[in-house]
Amino acid sequence: MSFPASQYNIVTTDDDLPTAIIITEVPLEVFNDEIEKKHFTDLFEEFQPDIHFDFLRSFQRLRIIFSSPEHATAALMLVKHHDYKGKQLKAFFARNIRLQSKTCQDSFGHLQLPINDKLYLISPPASPPCFWEQTREMAPVICDMELMSRLAAISMEDNYPVHEGNVECPTIIVSPCKENNAEEEVFGYSPKIQIVHTPMPPRCT
């Protein structure tokens, strides 16, 4: 019986060999009891003392990562040909995951820092661009004669143009009020009417 070549995993180097196994149908006592967990892990630490365990309690699975494929193969044979306290377990190799480095990652696979071409927009600027100089404001004007002359020329009876209009913007003119009741004459406001409250009926004694 022949299988298509796409179903085979091509192994070119020793790095392609699996170094981890996944054990299924692990008893819940291994996850809940620390003593049972220690007894279970001691079975695999005989192959290699410094191995990594990933306990997946929700799936009743355990992943064990070794440093070499030989140790992983020996641990897989142990699970397949032996039982744990009368219960037969199942195990299979875990595929090695290789993270391909991208243009945004360095040689260690870490993300590179973004280009700091806009950091000077942060207030206060953390790193201003080259040849950037802080602008110095002029001293405050204590007595501006031009402003005082313009205020003195304003009359309460004349209209004061604030902005000269053009094709795109209208003309803005401020018209001062002569008296307090000027708005009533212009907009036709009526004086306030006093509301007469209904008297309370006499109480029965």
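Every number here is computed from the coordinates shown, using simple stated rules; none is lab data. This is a predicted model, so every value here is computed, not measured. Glycine also receives a Cβ, built like all others from the backbone with ideal geometry; neighbour counts cover every protein chain displayed.
Figures for the structure shown
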item: Placed amide H near Q105: partners under 5 Å, 5+ positions off or other chain; result: Q112
item: Sequence of I172, I51, I97 once ranked by neighbouring C-beta atoms within 10 Å, starting from the fewest; result: I97, I172, I51
item: Two-site label geometry, I115 and V141: point separation in nm, points 7 Å out along Cα→Cβ; result: 4.4
item: Rounded to the nearest 20 debye, dipole of segment 23-94 from Cβ charges on Lys, Arg, Asp, Glu; result: 340
item: A74-D33 pseudo-label distance in nm [points 7 Å out on the Cα-to-Cβ vector]; result: 2.8
item: In Hz, Karplus ³J(HN,Hα) per residue of segment 49-65 (6.51, -1.76, 1.60; θ = phi - 60°; x = Gly, Pro); result: x, 9, 10, 10, 10, 10, 8, 9, 5, 4, 9, 6, 10, 9, 9, 10, 10
item: Nitroxide proxy distance, nm - points 7 Å out along Cα→Cβ at D50 and R63; result: 2.1
item: Placed amide H near A20: partners under 5 Å, 5+ positions off or other chain; result: F66, A94
item: Charge tally in the Cβ shell below 12 Å around I35, where Lys, Arg are +1 and Asp, Glu are -1, I35 excluded; result: -3
item: Dipole axis of segment 23-94 (+1 Lys, Arg; -1 Asp, Glu on Cβ), positive-most option in H52, F93, F40; result: F93
item: Cβ-based exposure ranking for C130, C169, in which fewest neighbours within 10 Å come first; result: C130, C169
